[in-house]
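Throughout, read-outs are computed from the coordinates displayed, never taken from laboratory work. On a predicted model such as this, the values are computed, not experimentally measured, just so you know. A quick note on method: Cβ atoms are made from the backbone with ideal geometry, for glycine too, and the neighbour counts reach across all protein chains shown.
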Protein chains: 2
Amino acid sequence: MTDLETYTKKVAQQAKLASRKLAVATGEQKNAWLRLSAARIRERSGELTEENKKDLAKAPEYGLSDAQIDRLRLTDERLEGIASALEEVALLPDPIGEVIGSNSRPNGLMVTQVRVPLGVVFFIYESRPNVTADAAALCAKSGNAVILRGGKEAFHSNMAIYRLLTETLEEQGLPKHAVQLVETIDRDAVGHFLKMDEYIDVTIPRGGKSLIERVAGEATMPVIKHFDGICHVYIDQNTDLEMAKDILVNSKCQRTGVCNTAESFLVHAAIADEFLPIAGKTLIENGVEIRGDEKVRALIPLAIAATDEDYRTEYLALKISAKVVDDIDAAIHHINDYGSHHTDVIVTTNLNAARQFTAEVDSSAVIVNASTRFNDGGEFGLGAEIGISTDKFHARGPCGLKELTSYKYIAYGDGQIR
Amino acid sequence: MTDLETYTKKVAQQAKLASRKLAVATGEQKNAWLRLSAARIRERSGELTEENKKDLAKAPEYGLSDAQIDRLRLTDERLEGIASALEEVALLPDPIGEVIGSNSRPNGLMVTQVRVPLGVVFFIYESRPNVTADAAALCAKSGNAVILRGGKEAFHSNMAIYRLLTETLEEQGLPKHAVQLVETIDRDAVGHFLKMDEYIDVTIPRGGKSLIERVAGEATMPVIKHFDGICHVYIDQNTDLEMAKDILVNSKCQRTGVCNTAESFLVHAAIADEFLPIAGKTLIENGVEIRGDEKVRALIPLAIAATDEDYRTEYLALKISAKVVDDIDAAIHHINDYGSHHTDVIVTTNLNAARQFTAEVDSSAVIVNASTRFNDGGEFGLGAEIGISTDKFHARGPCGLKELTSYKYIAYGDGQIR
């Protein structure tokens with residue numbers, strides 16, 4: 001075994017052992033730890049910004065852009081954000097121990113289905129140092145031990161946050177290895193962890209498509225994957241055109257670089273003449289490039305021609321594809337074929353259309369008369385989210401505390417035999 | 001593309017298309033099909049037994065044992081069992097469309113989490129022809145299109161059942177390809193399907209460990225896996241000895257070849273003197289070979305010495321390993337380390353012991369004062385089961401209709417934007 005193999009195996013084993021203790025920790029122990037960690041982050045912000053400076057100094061060497069460097073920077077305001085986020089997780093209800101089903105059997109056996117942690121989460125992320133605290137909080141609150149693997153660009157910041165978080169674990173009677181950060185930037189470490197399905201119950205990669213594809217390909221345990229969001233807004237025949245325009249513009253423009261932004265819109269042929277000129281004008285005023293079919297271009301002269309590939313593209317930019325459809329069936333068909341089953345919206349005043357669309361569009365979120373941007377853990381009321389799943393298995397859409405859990409059957413009898 | 005590749009791809013694509021229609025079929029359509037299929041099986045039993053004879057004639061060529069040949073045989077009684085099983089699935093509540101969560105947001109957005117089918121199930125089984133009908137019924141009732149791959153030994157019987165089931169689908173307005181049976185015994189077909197995660201949402205292998213390992217290794221989509229059941233009965237210090245003995249004997253002897261049979265028992269040191277001689281006597285009278293540690297052998301002279309490996313062995317036979325433990329902590333520790341997280345029982349009159357055991361033993365079913373044999377979809381009240389999952393992800397323990405589903409978020413607004 002290489003040193004790296006020995007090290008990663010030790011980390012994984014420690015996590016497994018810690019997960020057993022954490023699974024039976026009380027909500028109050030977990031919450032007290034979260035609140036104490038928030039206090040420590042506030043008290044020792046100087047220490048954190050000092051360590052952050054080491055990462056900032058190395059940023060040019062890693063070739064980070066100015067925007068990336070800005071996201072890496074820990075300011076007092078951002079540290080306050082990290083601390084409050086920990087306190088918010090403390091306020092969420094404890095998912096563990098919830099009875100999610102029960103069955104009183106004819107023979108007197110009382111069967112309950114009780115929510116339990118998954119066990120050990122391997123969390124890989126590329127982004128900002130606040131994710132270190134967020135992920136640790138969500139995993140521990142849901143009773144899971146976590147192995148955190150952050151990007152090398154934030155290594156010192158992550159280590160500093162990690163030290164603060166973990167030094168208070170044992171004070172609360174929680175296992176020391178409930179939260180572990182991979183203390184090496186060696187890329188091979190990830191590959192070793194991905195083979196350890198004996199110790200790790202789920203891997204969650206948060207980052208670009210290539211990271212997720214690599215992880216999904218190599219992992220021997222389940223992976224919560226987050227791929228493209230090719231989200232649609234469909235404007236139905238019977239609709240409030242003003243509302244439709246506002247929803248479309250918000251879905252496309254409110255934030256372009258995120259998965260739940262609209263990348264395509266479809267308009268019922270019966271209202272195309274009326275809607276497209278208005279919508280086109282506002283989108284173009286907002287700097288959006290429109291790529292449409294022939295009918296769209298006839299009504300929005302500034303639109304350019306869309307290829308078939310455009311309708312399958314996640315632009316993540318001020319661009320949108322557009323198409324006129326003959327009816328709602330054609331819209332649903334197009335969305336199921338060209339979309340990515342992420343978030344799709346219908347704007348309509350017709351109840352039957354709303355019912356048909358929500359039933360037949362096979363996406364993690366199907367929304368009537370509101371922006372695509374609402375498909376989000378916070379907006380849907382899940383509390384904080386650890387990621388968004390584009391899978392149908394286990395968890396679909398925003399993943400909060402409950403999505404980090406499994407269940408077991410607990411049955412009480414008084415001597416039943418078969 | 002080879003002919004086999006073309007064929008398997010066509011089957012998978014047909015399943016995907018069918019799954020969209022099936023997802024929005026009404027409960028009454030699905031139930032009418034189930035009842036009609038049951039009627040056809042009764043009416044045309046002659047046709048089924050004729051086809052079954054072809055399999056029976058080939059059985060010696062496949063080297064089947066007498067017991068295997070017996071299991072393969074379709075009698076009138078067994079056909080009646082198949083028909084009634086279809087009718088029982090019709091009586092189960094439709095899982096699709098159930099609202100499993102909801103959140104009324106401060107901005108007026110009404111968010112619901114609604115149960116939907118997974119999509120396409122690839123079901124691989126080695127066993128008796130009745131599984132063809134059972135699996136088709138459970139998948140279709142839960143709105144999933146299914147690709148059935150039965151064992152070559154039952155090929156003609158499976159084909160005959162499949163023909164009866166599918167000829168009535170379209171009469172009920174259900175898609176023709178909702179149920180498909182792989183019409184070749186070529187072993188390579190399985191490998192092709194396992195690569196088609198684009199069309200198949202989950203694979204369920206039902207059979208021996210080598211089949212499940214092969215499928216889990218090759219599959220590109222999620223797999224519901226069913227591995228070993230190394231199940232324990234722990235007899236606590238405070239206990240009803242008579243009840244403990246009955247539960248132990250039932251857990252071991254009622255049926256030995258199944259996953260929820262006990263393979264090991266642990267006795268608290270404080271009652272070992274009293275309990276082991278009684279339990280040993282009854283087990284031995286039932287033909288059970290006991291493999292114990294030194295303390296067990298001192299009290300049950302006919303017991304033979306257990307190796308460490310014995311405590312990790314799924315005998316599936318009239319054998320059981322036994323061990324005296326110092327306290328409940330030692331019992332829980334042993335079960336979590338040596339068991340397979342399947343089904344574990346405590347026999348106790350002490351409430352705290354029951355609470356600790358059910359909280360700390362990490363198994364799909366943890367049972368107080370009843371036989372291990374109750375960890376079963378029917379016994380737990382799930383209705384029929386398609387399999388038992390030894391995973392923690394998505395589904396754990398017995399898998400009924402609900403475990404064949406996913407969910408989507410459906411949100412209604414009146415113009416909300418962010």
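Dividing the Cα radius of gyration of segment A:130-285 by 2.2 N^0.38 Å, with N the residue count, gives 1.49.
Just checking the output field for B:250-261: average partner chain Cβ neighbours within 10 Å of each residue's Cβ?
The mean count of partner-chain Cβ atoms within 10 Å per residue comes to 1.
Of the residues A:398, A:222, A:106, which exhibits the maximal mean-square fluctuation in a Gaussian network model of chain A defined by a 10 Å Cα contact cut-off? Comparing A:398, A:222, A:106 in the GNM, the peak value goes to A:106.
Here the chain A residue lying nearest the rotation axis onto B, judged by its C-beta and given with the distance in whole angstrom, is A:394, 2. Considered as an equivalent ellipsoid built on the Cα gyration tensor, segment B:57-122 has semi-axes of 48, 16, 7 Å, the largest given first. Note on A:310-318: average number of Cβ atoms from other chains within 10 Å of each residue's Cβ is 0.
Taken over segment B:231-374, lysine pairs spaced eight or more positions apart, or on distinct chains, with alpha carbons under 15 Å apart number 5.
If you add up the charges near residue A:271, with Lys and Arg at +1 and Asp and Glu at -1, over every other residue whose beta carbon is less than 15 angstrom from its beta carbon, what do you get? Net of charged neighbours comes to -4. Here segment A:297-418 is treated as a Stokes sphere of Kirkwood radius computed over C-alpha pairs; at 10 °C and 1.306 mPa s its diffusion coefficient rounds to 91 µm²/s. Between the residues A:34, A:52, A:366, the greatest Cα displacement towards the positive end of the dipole of chain A, with unit charges on the Cβ of Lys, Arg, Asp and Glu, is found for A:34.
Would you mind working out the magnitude of the charge dipole of chain B relative to its Cα centre, with +1 at each Lys and Arg C-beta and -1 at each Asp and Glu C-beta, to the nearest 20 Debye?
Computed about the Cα centre, the dipole is about 1360 debye.
The three principal axes of the Cα atoms in segment B:194-278 give end-to-end lengths of 59, 21, 17 Å, sorted in falling order. Ignoring lysines fewer than eight residues from residue B:176 along the same chain, the ones with Cα atoms less than 16 angstrom from its Cα are B:10, B:16, B:21, B:30, B:141. In the protein assembly as shown, the ratio of gyration radius to Kirkwood radius, Rg to Rh, stands at 0.99 when only Cα atoms are counted.
Applying the Karplus relation 6.51 cos²θ - 1.76 cosθ + 1.60 with θ = phi - 60° to segment A:189-197 yields 3J(HN,Hα) values of 4, 4, x, 5, 4, 5, 8, 9, 5 Hz, where x marks Gly and Pro. Each listed q (0.06, 0.11 Å⁻¹) maps to a log10 I(q)/I(0) for chain A, found by the Debye formula over equal Cα scatterers with no solvent: -0.30, -0.91.
The charge dipole of segment B:231-374, taken about its Cα centre with unit charges on the Cβ atoms of Lys, Arg (+1), Asp and Glu (-1) only, comes to about 460 debye. In terms of overall dimensions, the C-alpha atoms belonging to segment A:1-159 reach 70, 43, 24 Å along their principal axes, ordered largest to smallest. Restricting the calculation to Cα atoms, segment A:273-357 shows an Rg/Rh of 0.96 when the hydrodynamic-style radius is the Kirkwood one. Taking chain A as a Gaussian network of alpha-carbon nodes connected by springs under 10 Å, the highest mean-square fluctuation of the residues A:101, A:229, A:191 belongs to A:101.
Of all lysines in the structure, the ones whose alpha carbon falls short of 25 Å from that of residue B:53, not counting any fewer than 8 places away in one chain, are B:152.
Peptide B:365-376 has a mean shielding of 6, counted as Cβ atoms of other protein chains within 10 Å of each residue's Cβ.
In segment A:231-374, the inverse of the mean reciprocal separation of distinct Cα atoms equals 14.4 Å; this is its Kirkwood hydrodynamic radius.
Note that segment B:369-382 has calculated 3J(HN,Hα) couplings of 6, 7, 5, 4, 5, 7, 6, 6, x, x, 5, 8, x, 7 Hz, one per residue in order, obtained from phi through the Karplus relation 6.51 cos²θ - 1.76 cosθ + 1.60 (θ = phi - 60°); glycine and proline are x.
Dividing the helix sum by the residues of chain A, where each DSSP H run of 4 or more adds -39500 (n - 2.57), gives a mean residue ellipticity at 222 nm of -13000 deg cm²/dmol.
A cut-off under 10 angstrom between Cβ atoms defines the neighbours of residue A:374, and their net charge, with Lys, Arg +1 and Asp, Glu -1, is +1.
Plainly put, the tip 7 Å out from Cα toward Cβ on residue B:54 is 7.3 nm from that tip on each other copy, the closest given first.
Each other copy places its own label point for residue B:415 at 6.9 nm from this one, sorted shortest first, where the point lies 7 Å along the Cα-to-beta carbon line. With its label point defined 7 Å out from Cα along the Cα-to-Cβ axis, residue A:273 lies at 10.0 nm from the matching points of the other copies, in increasing order.
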